[in-house]
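S.K.: Following this message is one structure expressed as structure tokens.
The values are calculated or read from the model by the stated rules, or taken from the named source; none is laboratory data. From a predicted model like this one, the values you see are computed outputs, not experimental measurements. Heads up, the Cβs are rebuilt from the backbone with ideal geometry, glycines too, and the neighbour counts pull from every protein chain shown.
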Amino acid sequence: MICEHQHIYALSENLSACGLLVGMRQNSIALLCDDAIIKERDPVRERMLRQQVAFGLLQYSPSVSFCEDSAEIVLMEVAASLRLFGGIRKLYQRIRHDLIHLGVCAQIGIANNASAASLLAQKMPQTRSKTTRRTRQLHLCLNSQRLALHLDTLPCYLFAASRPYLDWLQGIACTNLAALRRLPRAGLQRRCGKALLLALDRAYGELPTLHQWIVVPDQFHARSELPDRIDKTETIFHFSRGLVLQLCGWLNQQQKAVKHITLILEHERGRQATAPSVLAIPFAQACWQEEHITRLLKEKLAQWQLGSAAIAVRLEVDAMEVRQALSTSLFPDQGSQSEDQHRLIELLIARLGADQVLQAAPRADHRPEVANHWVSILEKTVSQAQKNIPIFRTPRPSWLLSKPISLKVKQHSPYYGSRLKLLSPAERIEAGWWNGQLVTRDYFIAECTQHYRYWIYRERIGQNKFLHEEDAWFLHGVFG
């Protein structure tokens, strides 16, 4: 439970079953439950947690605000998002799932206006049954007439505008909002002020409510302290998901997509201080979807070896770009296929490493071993030299050997498992005289008896190092 100023501020269902109530003095806790865990309320951490929840909700709606009457309530306008997320029930399930990863146990109220929704969210069940947990999690009422009936049963202490006058209201037996509405408005205004009447009208939908939507900063930075020293990447991934949810909400508000993010793990401080561990997460294509980022983060963490236990985790954005608008064309375009390809590349990078997933970056050289150049898939390959690559009129093999294999010669023909039959005229390549790596070769396309095709070459017999025909033939490539 949480206490503030020697009084109970919040408690769990199990402690409520023991007879403890909100508002009781702290010294009476031991009489009813001697093993209760007591923690002092921390308003600073509450504000940080509320900010994290608001950021996570931004991925479902750009209209998120904080309740002025209660620091524990976050308001969200979802009318424009219902069709996108499949209706109010599916949207509720997604929000409930995200709140769990954010480490929040929340009650959700859904109504036609923000004031009524906040009151429904604070409503407690009157009876305990098998469906109590579900009842506490969601209070839904979208019908105006039924909403008024639900609000009438709520106690006055849930209504923030009436709390300063609770003693007077209890003295006149006004315990719920229905009784409060039956009081003469003129007398109620003289006694409690006009603000109470305005708040009451807004709750019942008779007056509109103005909100101040939150504005996100230009730079994203999220941090979460771990409950204990953790050295397992699976557990760190669980706490990192809350940071990813905040990132997705921030990206949705900014209408941007990330190209590169960094996960930073903080270790021990003080005398045994250890430098933070940094995990770079590049993306093959800019993205903003939570499922996409989470899947790649999980693969990266699975391949990561921690040197020491972590006490906190941070998430930072290193590179981003403006989000590309979705195609409005009736027919599918090449974008969906390209997106699937980029996701496959990201998955391979996460599992194998960026230095193991390569792309062709040919050089402008006639020598095959020099022209055949590969770099990491993350590097940009367009250069002026690549624009000047010569166009070959003869076929090139799909697989070029890193080191040519010397072939035997039988009856004046090259031999590789069987006699090789030459299918093409000679293609002469002479290059490398300018840097001391001269090559003089005649390339042929050859076929064996099993109909495999190879790319072979013959060194010029005129070279001093090749005096015999038997030493002049080499296998350099294989056709697909």
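S.K.: Give 418, 406, 413 a once-over and let me know the one that is at pLDDT below 90, of a type in the set (Ser, Thr, Tyr) and outside the structural domain of residue 362 (by TED's automatic domain parsing).
M.R.: Of the residues listed, the single one that is at pLDDT below 90, of a type in the set (Ser, Thr, Tyr) and outside the structural domain of residue 362 (by TED's automatic domain parsing) is 413.
S.K.: So in segment 391-427, with the set limited to residues that are within 13 Å of residue 368 (Cβ to Cβ) and charged (D, E, K, R), which one is surrounded by the fewest Cβ atoms within 10 Å (Cβ to Cβ)?
M.R.: Among those residues, the one meeting the criterion is 403.
S.K.: Being assigned by TED's automatic domain parsing to the domain that holds residue 141 and either at pLDDT below 90 or over 18 Å from residue 247 (Cα atoms) (or both): is that true of residue 32 here?
M.R.: no
S.K.: Related question: For segment 44-67, does any single residue satisfy the condition of being over 30 Å from residue 218 (Cβ atoms) and in a loop (DSSP other than H, G, I, E, B)?
M.R.: No, the conditions are met nowhere in segment 44-67.
S.K.: Would you confirm whether any residue within segment 176-186 is within 20 Å of residue 69 (Cβ to Cβ) and either without any contact (Cβ under 8 Å) to a residue 24 or more places away in the chain or not assigned by TED's automatic domain parsing to the domain that holds residue 115 (or both)?
M.R.: no
S.K.: In segment 85-112, which residue that is more than 19 Å from residue 147 (Cα to Cα) and of a type in the set (A, V, I, L, M) is nearest to the chain's Cα centre (by Cα)?
M.R.: Checking each candidate, the answer is 102.
S.K.: Then there is this: Determine if segment 195-205 includes at least one residue that is loosely packed, with under 13 Cβ neighbours inside 10 Å and assigned by TED's automatic domain parsing to the domain that holds residue 314.
M.R.: Within segment 195-205, not a single residue is loosely packed, with under 13 Cβ neighbours inside 10 Å and assigned by TED's automatic domain parsing to the domain that holds residue 314.
S.K.: Here is a further query. Take segment 396-412 and flag every residue that is in contact (Cβ under 8 Å) with a residue 60 or more places away in the chain, over 13 Å from residue 457 (Cα atoms) and in a loop (DSSP other than H, G, I, E, B).
M.R.: Residue satisfying the conditions is 398 alone.
S.K.: Can you tell me which of 6, 52 is touching a helix residue (DSSP H, G or I) at 6+ places or on another chain (Cβ under 9 Å), touching a residue at least 60 places away in the same chain (Cβ under 8 Å) and not assigned by TED's automatic domain parsing to the domain that holds residue 246?
M.R.: Testing whether each residue is touching a helix residue (DSSP H, G or I) at 6+ places or on another chain (Cβ under 9 Å), touching a residue at least 60 places away in the same chain (Cβ under 8 Å) and not assigned by TED's automatic domain parsing to the domain that holds residue 246 leaves just 52.
S.K.: Separate question: Which one of these is modelled with pLDDT of 80 or more, of a type in the set (D, E, K, R) and closer than 30 Å to residue 278 by Cα: 339, 290, 369?
M.R.: So the residue among 339, 290, 369 that is modelled with pLDDT of 80 or more, of a type in the set (D, E, K, R) and closer than 30 Å to residue 278 by Cα is 290.
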